[in-house]
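A.B. asks: Have a look at the structure that comes next, please.
Each value in this text was obtained by applying a stated rule to the coordinates, not by laboratory testing. Please read all numbers here as calculations on a predicted model, not as lab measurements. So basically every Cβ, Gly included, is an ideal-geometry build from the backbone, and we count neighbours across all protein chains shown.
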Number of protein chains: 2
Amino acid sequence: MFDLKKYLIEKQKTVNRALENIIRQESPLEQRIVSAMRHSLMAGGKRLRPVLCLSVAEIVGGNEDQVLDAACSLEMIHTYSLIHDDLPAMDDDDMRRGKQTCHIAFDEATAILAGDALLTMAFELLSKTNNLISPDYAFKKLDVIRKIASAAGYTGMIAGQMTDILSEGENLDMEELKILHIAKTGVLIEASVYAGAVLGDGTPDEIKMLTEYGRYIGLAFQVADDILNVEGDPEIMGKAVGTDRTRNKSTYPSLMGVQKSKQFAEKLVADSLNALEMFDKKAEPLRAIARYIIERKK
Amino acid sequence: MFDLKKYLIEKQKTVNRALENIIRQESPLEQRIVSAMRHSLMAGGKRLRPVLCLSVAEIVGGNEDQVLDAACSLEMIHTYSLIHDDLPAMDDDDMRRGKQTCHIAFDEATAILAGDALLTMAFELLSKTNNLISPDYAFKKLDVIRKIASAAGYTGMIAGQMTDILSEGENLDMEELKILHIAKTGVLIEASVYAGAVLGDGTPDEIKMLTEYGRYIGLAFQVADDILNVEGDPEIMGKAVGTDRTRNKSTYPSLMGVQKSKQFAEKLVADSLNALEMFDKKAEPLRAIARYIIERKK
């Protein structure tokens, strides 16, 4: 029986160790910005995106060295988006990952800049080369940068957050909500899987099916998030719950009720498992992660 | 006699035409964010960074196609930094380039996201490849992405902006001010020149000397900005003047007086011209731009 908990802890350790070493203060000028970046980046978190990236690379036969930078960059982009989303002008949240949000622990200006810095650092990391890199690998890196930038950009995550804010108090229909959820969360999760598959030297077929897997679990993740915002325990989650309702946000539970939302999430996970059919038991971590995504308590 | 005005207008047109075509609204979800991005990006501006990038590429024998994406990405990064710097939590400016700043024309949340989106789009653009690209060029692209990300990041522009805010009311010494000015403005101007030289297929020697030129004019630009904040005409500049003094900022004029600041800027320009010694009259645009940087009225 595959032990997901042990697997996640091990992979999270790898990611955390790498993240620890990336941001280094080199001059007194950088003291405050580095503290703020580290405050949010090293605040725990599930590390889902980097773990997915590492796991996928392993499954297609790649090694850690090929993808660890990309994995870290994905966590940086995720963290930047949380810092900016939490700002008073946006969701105005005080707690995140069980700690004060960046603008509470520091101030608004610092939080805006810390988010900017993490986003920028992600691309610095993604463009890193070393002497061993092959021309083929340079092309792959450019392809992955393009995919991640596009997922994080105004047609992806940013369109999602913008629409999320604009649609407070408005009633979205199912199709609009799906588009919103995919943009807000799904695309970066899909890009994480894509990065692992491409940089891990997967075949075109492998890349295609893994990306499909990523697309399903990306949406499932956001549906599960909606459900946790209704049923979750704020102690375990490290942030407030019930906020979607207070803000009058359209969510899966608000549109179809909690029970049907759970069934929809189950369906998405089943679809994601189907996409993994061509892979043998080496893909067991991905199957376990898919189930974990809708069973998690935070 | 080289006609800089005509040259700048022509190059600005090239840049503006390219920028016009880059950001396209593809779904209703993107309507507001695209409007905000375009509001700030298409607000005029000198286009100094992209023009430098194009000029340098031309001088080393490169063609426009090789660098136009990079040139546009530099303007996007510059514009993102202006949008975020103008926010109420930072410099709290209402006017920029003769128009309302982004958070005034839209709102704070939209301005934060529009900045994020321009920064992210810059990297999407930088990573674009086409079928004609050679392996050698792929490496160069990665190198340029790394250089630009590092210039824009927490050791460069962001450290500069953070320190700029923190040091209001504090007295910096000359060395601290120089470091601050290089980080705030100099590094991205240097990176613009570097990008043009590398992507335009310059030789290592050419890249080295052009980068040195970029370093000198980068600092000269910020010194000239300090002087304009004392002596400039707000009508011509399209933004408020005298703000450094009100905010008690350390600047070159506040530390050494306006006259000595002008001499220092002249010295930097002279040094930048020396760095161009190996280039013949093809480099005339760069020489004219160096002088323009300290003679400009906005």
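A.B. asks: Distances in nm, one decimal, shortest first, from A:K282 to the same residue in every other copy, taking the label point 7 angstrom along Cα→Cβ.
C.D. replies: 5.1
A.B. asks: Are there GluC sites (Glu not before Pro) in the range B:136-230 that DSSP puts in a loop and that have at most 16 other Cβ atoms within 10 Å, and which ones?
C.D. replies: Details: sites: B:E168, B:E170, B:E175, B:E176, B:E190, B:E206, B:E212; in loops: B:E168, B:E170.
Here the GluC sites (Glu not before Pro) that fit, given the DSSP loop and packing criteria, are B:E168, B:E170.
A.B. asks: Taking 35 Å as R0, compute the FRET efficiency from the Cβ-Cβ separation of A:S35 and A:L166 and round it to 0.05. Intermediate values should be presented prior to the final figure.
C.D. replies: On the way: r = 33 Å, r/R0 = 0.95.
Once rounded, the FRET efficiency stands at 0.60.
A.B. asks: With 30 Å as the limit, write out which pairs from A:K99/A:K141; B:K13/B:K140; A:K5/A:K239; A:K13/A:K147; A:K6/A:K249 have Cα-Cα distances beyond it, or answer none.
C.D. replies: Numbers: A:K99/A:K141 34 Å; B:K13/B:K140 26 Å; A:K5/A:K239 22 Å; A:K13/A:K147 26 Å; A:K6/A:K249 36 Å.
Violating the 30 Å limit, Cα to Cα: A:K99/A:K141; A:K6/A:K249.
A.B. asks: What average count of beta carbons from other chains do you get within 10 Å of the Cβ of residues in B:137-149? If you can, show how the numbers build up before the last one.
C.D. replies: Working: counts 4, 11, 8, 1, 6, 11, 3, 1, 9, 7, 2, 4, 10.
Across the residues of B:137-149, the mean count of other-chain Cβ atoms within 10 Å is 6.
A.B. asks: For the range A:4-295, what relative contact order do you get, as a whole percent, if you take Cα pairs closer than 8 Å and at least 6 residues apart?
C.D. replies: 20 percent
A.B. asks: Give the Rg/Rh ratio for the protein assembly as shown, taking Rg as the radius of gyration of the Cα atoms and Rh as the Kirkwood radius, to two decimals.
C.D. replies: Working: Rg = 24.3 Å, Rh = 24.8 Å.
Rounded to two decimals, Rg/Rh equals 0.98.
A.B. asks: Tell me which GluC sites (Glu not before Pro) from the range A:1-86 have a DSSP coil assignment and no more than 13 other beta carbons within 10 Å of their own.
C.D. replies: On the way: sites: A:E10, A:E20, A:E26, A:E30, A:E58, A:E64, A:E75; in loops: A:E26.
Passing sites in the range A:1-86 are A:E26.
A.B. asks: Grab the DSSP H runs of chain A that are 4 residues or longer, score each as -39,500 (n - 2.57), total them, divide by all residues and round the 222 nm result to the nearest 500 deg cm²/dmol. Display every interim value, and only then the final one.
C.D. replies: Working: 15 runs with 207 residues, N = 298.
That comes out to -22500 deg cm²/dmol.
A.B. asks: Just the Kirkwood number for the range B:1-108, please: inverse of mean 1/r across all distinct Cα pairs, in Å, one decimal.
C.D. replies: Numbers: mean 1/r = 0.0665 Å⁻¹.
That comes to 15.0 Å for the range B:1-108.
A.B. asks: Treating the point 7 Å from Cα along Cα-beta-carbon as the label, what are the nm separations from B:K208 to the other copies, to one decimal?
C.D. replies: Copy-to-copy label distances for B:K208: 5.0 nm.
A.B. asks: Which FRET efficiency value, to the nearest 0.05, is calculated for A:E277 and A:D3 with the Förster distance at 22 angstrom and r the Cβ-Cβ distance?
C.D. replies: 0.40
A.B. asks: Okay, next question. When the scattering of the range B:4-295 is computed by the Debye formula from its Cα atoms alone, each counted once and equally, what is log10 I(q)/I(0) at q = 0.08, 0.09, 0.12 Å⁻¹?
C.D. replies: For the requested q values the scattering log ratios are -0.33, -0.42, -0.76.
A.B. asks: Could you pull the copy-to-copy label distances for A:K46, with points set 7 Å along Cα to Cβ, in nm to one decimal and sorted shortest first?
C.D. replies: 4.9
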